[in-house]
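Participant: Pasting a structure here, questions to come.
Derivation of every value follows stated rules applied to the coordinates shown; laboratory data play no part. Since we're looking at a predicted model, the values are computed, not measured. In this analysis, Cβ positions are derived from the backbone assuming ideal geometry, glycine residues included, and neighbour counts consider all displayed protein chains.
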Amino acid sequence: MDRETFLLSDKIKLIETSFIKEGWVTAYDSYQPNIDDQNLVYCCLVDSERIEKYRLDTDWVIQYGSEGKPTIWGDGKYQTNGEKGIEPFLFFKQFNFSGGHESYVDISEEFVLYFNLYERGENKQNRKFYFIDEVGDLDEVIVVEPKKIKVKLKYIIEYISIRNMYFSICFDFMRLDTKSLIELNVEPLDKDCQTENSFYNCYIRSIIGKSQSWVRGKVLLNPDKSKKSYNFDYENQPYEKFITGYDKDGNEILEECKKNDKNHFVLTYFKKEVLDKYYNDPVKYKVDSWRVSSHFFSLKIDNNVEKFVPVFLIELGMLPYKEQLHWKQYNISPQGGISSTYYKTMIEGSWVENPETPDLFFKYKYEQFNLSWEKEYGWKFYKPLAKQDEHIFTSLHLPTSNNVKSFCEQVLSLTKLTIDRLNEKELEKNHLAKDGDKGISKLELFLKSKDIEIPEMILFLRTLWDLRSGLLSHSFSNTNKACKKAIEYFNLRDDNYVEVATEIFIKSIFTLNTLENRLLNNKTQTVSNI
């Protein structure tokens, strides 16, 4: 063992950092590599009324393994091992039972309950505790391992601040070496070291055949007396500012989204890209004409405008702050107005069933058409999606920018919902389908059996299928001749993905309208002014 190791220099550095590393506090550590190198880090809470006396010596007061646990002694009276003003944060537990033994360290239930921490792990010695934030994300707070426990600092500070207590990290480090103090070039020592937040004793001596170094004491983490906002302080939650207009000099006006008497009908606007986050995670979020929602929030929006998303300012104030920040980065200058659909529904209170944008109207029409078809023929025109594929319908939307990846994904989804989901089994009944005929051919034969020919519609479907078949890793196959013809048919270029996607959605709506007009007796109202 070298001199610096013997002098516990590595442990002194831990003390100087208050056992904090990268935002985590070591609250417990009992790792002992061998009998000559012993470590113990423990902790407790100290009441503010006792703190001045507590910080004047090395005494932990609390005892590892006897930390305030209740017991009944021989006199039959209920007692605890705790002292007034000293509160355990960790509890060492051990159990001896027939056929086994188990021991572990538990966490203060009061701390766990305050943050409503969610526990998950393999066993008591290997587990983690998570804080579930306002949007459902998990944040690690406590990591429990067999010989070590660490706690995220910001949670400790909040907890001791709201309770006006101090967090004491107690430590006991000892090393032995077979070398003499002379060989180690070390003098005997018995010295108290005190700083504003620590008190410990450094002790060096010779014992029989060995040299011993010892550091014992405590470090204190202080409550933040200036802290005024806490996780559950709903009255003081932050509100982001959004663009609502211009001042007389032409500068943008930013207004806080907190509700007041003057901002009930103030609008702010966002790029369509703001919705990509929600469309791309359809298991977690739902987007429709009127709102974005999850298990943790619901935001009213006007999703019936193709180029941007209008939102009433005060609606954003209902969002968790983390979500407000997401919307903030897509905020744009005032665009003027909202859709007639949103106005009639949200302002006049006259429910309008039909959304206005091609993607949302297609989804509405798709469901209505399938219901009407089943009512007329007794079977669904489009086969239902499997449960695990329902996200295909939920996340279907117009690309928000000229992005080839998004375009390809939406073309694939639209084709899966229409051509792939054609009810071929029912379409081919009593019709002369040939071996190898696929869905579109079977649909064409079905129409001919009804004395109906719609060559333009069949051409669109076949071309859409060719476009879909040529998709390769979010690009288009250069060797697929049919795909090349489809690209020419849709006049697809690198700068018009949104435009072409819009055309495909509109023609898909026309397909539904045409089939409805020609084949359904119990027609739903056809809307063709998309």
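Participant: Less than 14 Å Cβ to Cβ from TYR54, Lys/Arg counted +1 and Asp/Glu -1: what total charge do the surrounding residues give? Don't skip to the end; give the middle numbers.
Facilitator: Values: positive: ARG50, LYS53, ARG55, LYS84, LYS218; negative: ASP47, GLU49, GLU52, ASP57, ASP59, GLU83, GLU87, GLU196.
Counting the neighbours of TYR54, the net charge comes to -3.
Participant: Given q = 0.11, 0.15 Å⁻¹, what are the Debye log10 I(q)/I(0) values for segment 241-391, with equal point scatterers placed on the Cα positions and solvent ignored?
Facilitator: Rounded to two decimals, the profile gives -0.50, -0.85.
Participant: Provide Rg and Dmax in Å for the chain, with only Cα atoms included in the calculation.
Facilitator: 34.7, 110
Participant: First measure r as the distance between the Cβ atoms of LEU325 and ASP192, then evaluate 1/(1 + (r/R0)^6) with R0 = 51 Å and state the FRET efficiency to the nearest 0.05. List each step's numbers first, then the result.
Facilitator: Working: r = 49 Å, r/R0 = 0.95.
It comes to 0.55.
Participant: Right, next: For segment 119-203, state what percent of all Cα-Cα pairs lands in each successive 10 Å bin, counting from 0 Å until the bin that includes the largest distance.
Facilitator: Result, from short to long distances: 12, 27, 27, 19, 12, 3, 0 percent.
Participant: Would you kindly derive the ³J(HN,Hα) couplings of segment 505-519 from the backbone phi angles with the Karplus curve 6.51 cos²θ - 1.76 cosθ + 1.60 (θ = phi - 60°), listing them in order in whole Hz, with x for Gly and Pro?
Facilitator: 4, 5, 5, 5, 5, 4, 4, 5, 4, 5, 5, 5, 5, 8, 10
Participant: Order 213-226, 355-368 from most to least packed using the mean count of other Cβ atoms within 10 Å. Spell out each step's value before the answer.
Facilitator: Details: 213-226: 18.1, 355-368: 20.6.
Going from most to least packed, we get 355-368, 213-226.
Participant: Classify segment 285-373 from the C-alpha gyration tensor, please: rounded if a/c falls under 1.5, else prolate or oblate depending on whether a/b exceeds b/c. Walk me through the numbers before you get to the answer.
Facilitator: Details: a/c = 1.97, a/b = 1.56, b/c = 1.26.
In terms of gyration-tensor shape, prolate.
Participant: Express in % the proportion of alpha carbon pairs of segment 128-269 at distances exceeding 17 Å.
Facilitator: Values: 7748 of 10011 pairs.
Result: 77 percent of Cα pairs exceed 17 Å.
Participant: Among rounded, prolate and oblate, which fits segment 12-141 when a ≥ b ≥ c are the square roots of the eigenvalues of its C-alpha gyration tensor, a/c under 1.5 means rounded, and a/b larger than b/c means prolate?
Facilitator: Working: a/c = 1.27, a/b = 1.11, b/c = 1.14.
Rounded, because the longest to shortest axis ratio a/c is under 1.5.
Participant: Calculate one ³J(HN,Hα) per residue across segment 244-255 by plugging θ = phi - 60° into the Karplus curve 6.51 cos²θ - 1.76 cosθ + 1.60, and present them in order as whole Hz with x for glycine and proline.
Facilitator: 10, x, 10, 8, 5, 9, x, 7, 5, 9, 10, 10
Participant: Here's a follow-up. Once Lys and Arg get +1 and Asp and Glu get -1 on their Cβ, which of LEU422, CYS193, SER48 lies farthest toward the positive end of the dipole of the chain?
Facilitator: Projecting each Cα onto the dipole axis, the largest value belongs to LEU422.
Participant: Sticking with this structure for a sec: May I ask for the net charge around ASN491, where only other residues with Cβ less than 10 Å from the Cβ of ASN491 are counted and Lys, Arg are +1 while Asp, Glu are -1?
Facilitator: On the way: positive: ARG493; negative: GLU488, GLU499, GLU503.
Result for the local shell: -2.
Participant: In whole Hz and in residue order, list the ³J(HN,Hα) couplings for segment 130-142 that follow from phi through the Karplus curve 6.51 cos²θ - 1.76 cosθ + 1.60, θ = phi - 60°; x for Gly and Pro.
Facilitator: Running phi through 6.51 cos²θ - 1.76 cosθ + 1.60 with θ = phi - 60° gives 10, 8, 9, 7, 5, 10, x, 6, 8, 10, 4, 10, 10 Hz.
Participant: In deg cm²/dmol, rounded to 500, what helix-only [θ] at 222 nm does the chain give when every DSSP H run of at least 4 residues adds -39500 (n - 2.57) and the total is split over its residues?
Facilitator: On the way: 17 runs with 153 residues, N = 530.
Theoretical 222 nm ellipticity from helices: -8000 deg cm²/dmol.
Participant: Once you charge only the Cβ atoms, +1 for Lys and Arg and -1 for Asp and Glu, what is the size of the charge dipole of segment 380-462 about its Cα centre, to the nearest 20 debye? Could you put the intermediate results ahead of the total?
Facilitator: Numbers: 14 positive and 13 negative charges, 35 e Å.
With Lys and Arg at +1 and Asp and Glu at -1, about 160 debye.
Participant: Helix 439-449: angle to the longest alpha-carbon principal axis of the chain, degrees 0 to 90, nearest 10?
Facilitator: Tilt of helix 439-449: around 30 degrees.
Participant: A further question on this structure: Under the rule a/c < 1.5 gives rounded, and otherwise a/b versus b/c splits prolate from oblate, where does segment 366-460 land using the Cα gyration tensor? Provide the component values of the computation, followed by the final result.
Facilitator: Numbers: a/c = 2.15, a/b = 1.62, b/c = 1.33.
Cα axes put segment 366-460 in the prolate bin.
Participant: What spacing in nm lies between the two simple spin-label points modelled at SER401 and ASN236, each 7 Å away from Cα in the Cβ direction?
Facilitator: Distance between the two pseudo-spin positions: 3.8 nm.
Participant: Ok, one more. With N set to the number of residues, divide the alpha-carbon radius of gyration of segment 203-321 by 2.2 N^0.38 Å and report two decimals. The partial results should precede the final answer.
Facilitator: Details: Rg = 26.2 Å, N = 119, 2.2 N^0.38 = 13.5 Å.
Its radius of gyration relative to the 2.2 N^0.38 Å reference: 1.94.
Participant: Can you give me the C-alpha center-to-center distance between segment 244-286 and segment 15-62, rounded to a whole angstrom?
Facilitator: So the separation of the two Cα centres works out to 48 Å.
Participant: Report the equivalent ellipsoid semi-axes for segment 25-83 in whole Å, largest first, defined as the square roots of five times the eigenvalues of the gyration tensor built from alpha carbon atoms. Please list the in-between numbers first.
Facilitator: Numbers: eigenvalues 131, 78, 20 Å².
Calculated on Cα positions only, the semi-axes equal 26, 20, 10 Å.
Participant: Using all Cα-Cα distances in segment 97-162, what percent lands in each 10 angstrom bin from 0 up to the longest?
Facilitator: Distribution as computed: 19, 50, 23, 7, 2 percent.
Participant: Which values of log₁₀ I(q)/I(0), to two decimal places, follow from the Debye formula for segment 229-295 at q = 0.14, 0.17, 0.25 Å⁻¹ with a uniform point scatterer at every Cα?
Facilitator: -0.68, -0.92, -1.09
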